[in-house]
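Shown next, in structure tokens, is the structure this report addresses.
The values are calculated or read from the model by the stated rules, or taken from the named source; none is laboratory data. Just so it is clear, the model here is predicted, and its values are computed rather than measured. Using ideal geometry, Cβ is built from the backbone for each residue, glycine included, and neighbour counts are taken over all protein chains shown.
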Amino acid sequence: MAALLAGLLCAGLAAVPASGQGNDSATTQIAGSGEWKTDFDKAIVPLSEIQSGGPPKDGIPAIDKPRFEPASQIDDLGKSEPVMVLRHGGEVRAYPMRIMMYHEIVNDEVAGTPVAVTYCPLCNAAIVFDRRIDGKATTFGTTGRLRNSDLVMYDRASESWWQQFTGEAIVGRHAGEVLDSLPSSTEAFGPFRKANPDAKVLIPNNPELRPYGRNPYVAYDTTRQPFLYRGDLPEGMPAMARVVVVPKEGGGEPLIVALDALQNGRFEKGGVTIRQTGTVASALDDARIEQGRAVMQILVTRGGQPAIAHETFAFVAHAFHPNVPIIGRETMKAPTSSVEHPSLRP
């Protein structure tokens, strides 16, 4: 497994640790900065926190011209296989994790809204953004960099760098600005197809480009140490336990809840309801995504309406919100895999 991850991520440029302070040394802290038009003098995080994930700029290729087929015509996805689902403006679309795993970003337009559908495997974070900046639509690509093991994206207009988990620009002209998010969910394809036979489902532009359906991160979501993570791990809880982060409307501290804490499949607080709606295969367990072990499928609402919520791992919630308590942390159990890969278990 370690060799497979290294092969997937080995060809990139490394981030160079900061050698000094101040704007004069900004560009020297990022190896390969000459290929970017990014304003590295504008940054809201230390550049030394940004590291190479392996691939170079756009080494993980975003999909800019997505192709779709009706759900009723899709026959190569397993019934429990996970898909990202976006319901917006009367349209319903699904983006299979087997495709998102290898592209991480899909630049799409749904009901007239330009969106960036994103997935970071190392954080198991599936988030949809409105890709308009200052009222103008742009597209997003992958920088090949990570911060807190999370995807760092860039917009192709200014080449500012954006943190995928927070939607905030951390380097460049737009540093400090935050993209608008749209509610989405991760669902099992079988029940989704039955309920939405006419929904559009993303298909590969070239089915031979990547080994779609294979998981290059076998047993990752049950390892003790997240891959390429240099921060502190949360104390008293498994790093890879699943949590949901619900941003507070208008800003402020989010609500973070351990999925193990759902009593009878339900949790309610402050108008937010988290409810189990079934099970879905983990995309980060078995070598074949459709055979991943069953994990909880949830729906998050606020006032009865779909809410923006980010399912992720405990270490991610801790990295980005270190001072926010995780509700139900005492109920967290170390996840166990359906496959055994000792190389992942220190």
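Scanning the range 109-130 for residues being surrounded by 23 or more Cβ atoms within 10 Å (Cβ to Cβ) and more than 13 Å from the chain's Cα centre (by Cα) gives a total of 1. Screening residue 55 on (1) surrounded by fewer than 23 Cβ atoms within 10 Å (Cβ to Cβ); (2) farther than 29 Å from residue 173 by Cα shows it passes everything except condition (2).
Considered as a group, the residues in the range 296-346 that are modelled with pLDDT under 75 and of a type in the set (Val, Ile, Thr) include one that is surrounded by the fewest Cβ atoms within 10 Å (Cβ to Cβ), and that residue is 336. Within the range 135-174, can you find the residues that are hydrophobic (A, V, I, L, M, F, W, C), surrounded by fewer than 21 Cβ atoms within 10 Å (Cβ to Cβ) and either in a strand (DSSP E or B) or touching a strand residue (DSSP E or B) at 6+ places or on another chain (Cβ under 6 Å) (or both)? The one that is hydrophobic (A, V, I, L, M, F, W, C), surrounded by fewer than 21 Cβ atoms within 10 Å (Cβ to Cβ) and either in a strand (DSSP E or B) or touching a strand residue (DSSP E or B) at 6+ places or on another chain (Cβ under 6 Å) (or both): 137. The residues on offer are 102, 95, and the sole one that is in contact (Cβ under 8 Å) with a residue 60 or more places away in the chain, part of a strand (DSSP E or B) and among the aromatic types (Phe, Trp, Tyr) is 95. Taken together, 110, 92, 85 contain a single residue that is within 16 Å of residue 180 (Cα to Cα), of a type in the set (A, V, I, L, M) and outside the structural domain of residue 318 (by TED's automatic domain parsing), which is 110.
Sub-9 Å Cβ pairs linking a first residue in the range 75-91 that is part of a loop (DSSP other than H, G, I, E, B) to a second residue that is polar (S, T, N, Q), at least 6 apart or interchain, are 78/291; 80/279; 80/291; 89/113, ordered by first then second residue.
With surrounded by fewer than 18 Cβ atoms within 10 Å (Cβ to Cβ), within 18 Å of the chain's Cα centre (by Cα) and not assigned by TED's automatic domain parsing to the domain that holds residue 85 as the only criterion, which of 228, 202 stands out?
Of the residues listed, the single one that is surrounded by fewer than 18 Cβ atoms within 10 Å (Cβ to Cβ), within 18 Å of the chain's Cα centre (by Cα) and not assigned by TED's automatic domain parsing to the domain that holds residue 85 is 228.
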